[in-house]
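A.B. asks: Starting off with a structure, shown below.
The values are calculated or read from the model by the stated rules, or taken from the named source; none is laboratory data. These figures come from a predicted structure and were not determined experimentally. Here the Cβ positions follow ideal geometry from the backbone for every residue, glycine too, while neighbour counts run over all protein chains shown.
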Amino acid sequence: MDRRQYRVLNTLIVFQRGDITEQDSGAIVNAANSTLLGGGGVDGAIHRAGGPQILEECKQIRNRQGECPAGEAVITTGGNLPAGWVIHTVGPIWRGGSHGEPEQLGNAYRNSLQLARERGIRSISFPSISTGAYRFPIDKAAIIALDTVKKFAEEYDVPVEIRFVLFSDNDLRAYLEAWDKLTGV
């Protein structure tokens, strides 16, 4: 169960267990915090693997616009990563689900995809946004992520490949179960 793939029109949706910092897609998505200055989990791993260039570009973005609110996304180069770009998006902190968290999470995926589309990025790799330190329940987060990605692929037919690179077998299983529920496959 290390990798599965499905098609939505011309877009390949891939599910795999792995390390997002090792992905050679056009862009990887960083589950960033609002400061854009690195942190723990995926965010810290991307900043460490990508090197100081990513942090410098994040500081420049902060100087221009301030912090990045939940649901929004910004883009930097990939630094030392195999991916050419890093799209930094801020997912919501789970507070029970009645404080706009589902909408903010959907926006995080949608805005990341929109940035990729605007830049002509043909492949993108996502982690499971907000399900670590931000405690968004993974079963709910996976449905929101996949529904958002599926609808985007149906509307724009890009990127050509969208990967979900999941850290554990449990995370991968949750995303595959969500895909089955969503598509009836």
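A.B. asks: Do we have L166 as within 20 Å of G18 (Cα to Cα), surrounded by 24 or more Cβ atoms within 10 Å (Cβ to Cβ) and not basic (K, R) here?
C.D. replies: Details: within 20 Å of G18 (Cα to Cα): yes; surrounded by 24 or more Cβ atoms within 10 Å (Cβ to Cβ): yes; not basic (K, R): yes.
In short, yes.
A.B. asks: Ok, one more. Just for region 133-155: of the residues that are without any contact (Cβ under 8 Å) to a residue 40 or more places away in the chain and surrounded by fewer than 18 Cβ atoms within 10 Å (Cβ to Cβ), which one is farthest from A31 (Cα to Cα)?
C.D. replies: The extreme case among them is E155.
Residue-by-condition table, conditions (1) under 19 Å from G39 (Cβ atoms); (2) at pLDDT 95 or above; (3) within 15 Å of the chain's Cα centre (by Cα):
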site	(1), (2), (3)
N80	yes, yes, no
V86	yes, yes, yes
S98	no, yes, no
L105	yes, yes, yes
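A.B. asks: Something else about it: Take the conditions farther than 16 Å from F164 by Cβ and among the acidic types (D, E) and apply them to E22. Does it pass?
C.D. replies: no
A.B. asks: What do you reckon, is G97 surrounded by 13 or more Cβ atoms within 10 Å (Cβ to Cβ) and in contact (Cβ under 8 Å) with a residue 24 or more places away in the chain? Steps first, answer last, please.
C.D. replies: On the way: surrounded by 13 or more Cβ atoms within 10 Å (Cβ to Cβ): no; in contact (Cβ under 8 Å) with a residue 24 or more places away in the chain: yes.
Answer is no for this residue.
A.B. asks: Same structure again: Being of a type in the set (S, T, N, Q) and buried (at least 19 other Cβ atoms within 10 Å of the Cβ) is true for just one of T77, T35, T89. Which residue is that?
C.D. replies: On the way: T77 fails: buried (at least 19 other Cβ atoms within 10 Å of the Cβ); T35 fails: buried (at least 19 other Cβ atoms within 10 Å of the Cβ).
Of the residues listed, the single one that is of a type in the set (S, T, N, Q) and buried (at least 19 other Cβ atoms within 10 Å of the Cβ) is T89.
A.B. asks: Right, next: Based on what the data block shows, is G66 buried (at least 17 other Cβ atoms within 10 Å of the Cβ) and small (G, A, S)? Before you say what the answer is, go through the steps one by one.
C.D. replies: Details: buried (at least 17 other Cβ atoms within 10 Å of the Cβ): no; small (G, A, S): yes.
Spelling it out, it is not the case that G66 is buried (at least 17 other Cβ atoms within 10 Å of the Cβ) and small (G, A, S).
A.B. asks: Kindly list, by first and then second residue, each pair from a residue in region 107-132 that is within 17 Å of G41 (Cα to Cα) to a residue that is among the acidic types (D, E) and surrounded by fewer than 24 Cβ atoms within 10 Å (Cβ to Cβ), limited to pairs with Cβ atoms under 6 Å and residues at least 6 apart or on different chains.
C.D. replies: Pairs that qualify, where the first residue is within 17 Å of G41 (Cα to Cα) and the partner is among the acidic types (D, E) and surrounded by fewer than 24 Cβ atoms within 10 Å (Cβ to Cβ), are S128/D171.
A.B. asks: Which of the residues spanning region 97-155 are out of contact with any Ser or Thr (no Cβ under 6 Å at 6 or more places or on another chain), farther than 19 Å from T11 by Cα and β-branched (V, I, T)?
C.D. replies: Within region 97-155, I129, T131 qualify.
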